[in-house]
Amino acid sequence: MVLEITRFGNPVLRQKGARIEKITPEIQQLVKDMFETMYEAAGVGLAAQQVGRALQLTVIDVRGVKDRPSTMEIDGKEVDVKEHMPLALINPEIKAFGNPATGPEGCLSFPEIYSDIARPEFVEVTATNAEGKQFSFRAGGLLSRAVQHEVDHLNGILFIDRMSTEAKRELKAELDELQTATKAALKK
């Protein structure tokens, strides 16, 4: 089922997600619904906060992006990213490292708003999947950026918080308009 994507201005986007203690059928259904929602919106990642649920859960699938490559290592060996997509990350823990790499980012909660964001080049991830199995991997490229962006969401951090002051100033009118429209819709 395609869920409604929360927009900037909705307070749930600023909430730190609660840990998921047990993989229930409801959580597994939420994972399926989040994938369906993400694909419908042509996104590469979606956090639970973006569908109105403050949980430590995100879904990611970078297979559709051809111009921004991703790398993935499991147990120190490089693997084909496509063979490990899509990813559901429950209670993810990350360690970002490497030099900052600046690249374009957008967010499904900020339609048509994009900016260059600097993030560490690589990330090590440990998470639980929708079947309750713990797994770990190291990511680079777009996958690293997507993981960091989505884990920020799980902690109530938005990509606008990582924008340069100049970029925020340039986007101020669009951000104010989106936030105002979202808050007005929430009052209805």
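Each value in this text was obtained by applying a stated rule to the coordinates, not by laboratory testing. Since the structure is predicted, the reported quantities are computational estimates derived from the model, not experimental observations. Here the Cβ positions follow ideal geometry from the backbone for every residue, glycine too, while neighbour counts run over all protein chains shown.
Worth a mention:
- In order along segment 78-90, phi translates into HN-Hα couplings of 5, 10, 6, 3, 4, 6, 10, 9, x, 10, 10, 10, 10 Hz, rounded to whole numbers, per the Karplus curve 6.51 cos²θ - 1.76 cosθ + 1.60 with θ = phi - 60° and x for Gly and Pro.
- The residue list 158, 141, 171 was ranked by how far each Cα lies along the charge dipole of segment 11-187 toward its positive end, using unit charges on Cβ atoms, and 158 comes out on top.
- Our summary gives the chain a relative contact order of 27 percent, counting only alpha carbon pairs under 8 angstrom and 6 or more residues apart.
- Projecting the Cα atoms of 130, 47, 185 onto the charge dipole of the chain, computed from C-beta unit charges around the Cα centre, puts 185 farthest toward the positive end.
- Compactness relative to 2.2 N^0.38 Å, alpha carbon Rg of the chain: 1.00
- In order along segment 129-140, the phi-based Karplus estimate (6.51 cos²θ - 1.76 cosθ + 1.60, θ = phi - 60°) of 3J(HN,Hα) comes to 8, 5, 9, x, 9, 7, 8, 9, 7, 10, 10, x Hz; Gly and Pro are listed as x.
- Tally of Lys pairs whose C-alpha atoms are under 25 Å apart, taken over segment 99-188, 8 or more apart or cross-chain: 4
- Residue 65 long-range amide H proximity, modeled H, under 5 Å: none
- Working note: Karplus 6.51/-1.76/1.60 with θ = phi - 60° gives segment 122-127 the couplings 10, 8, 9, 10, 10, 8 Hz, where Gly and Pro are set to x.
- Around the Cα centre of the chain, unit charges on the Cβ atoms of Lys, Arg, Asp and Glu (plus for the first two, minus for the last two) sum to a dipole of about 520 debye.
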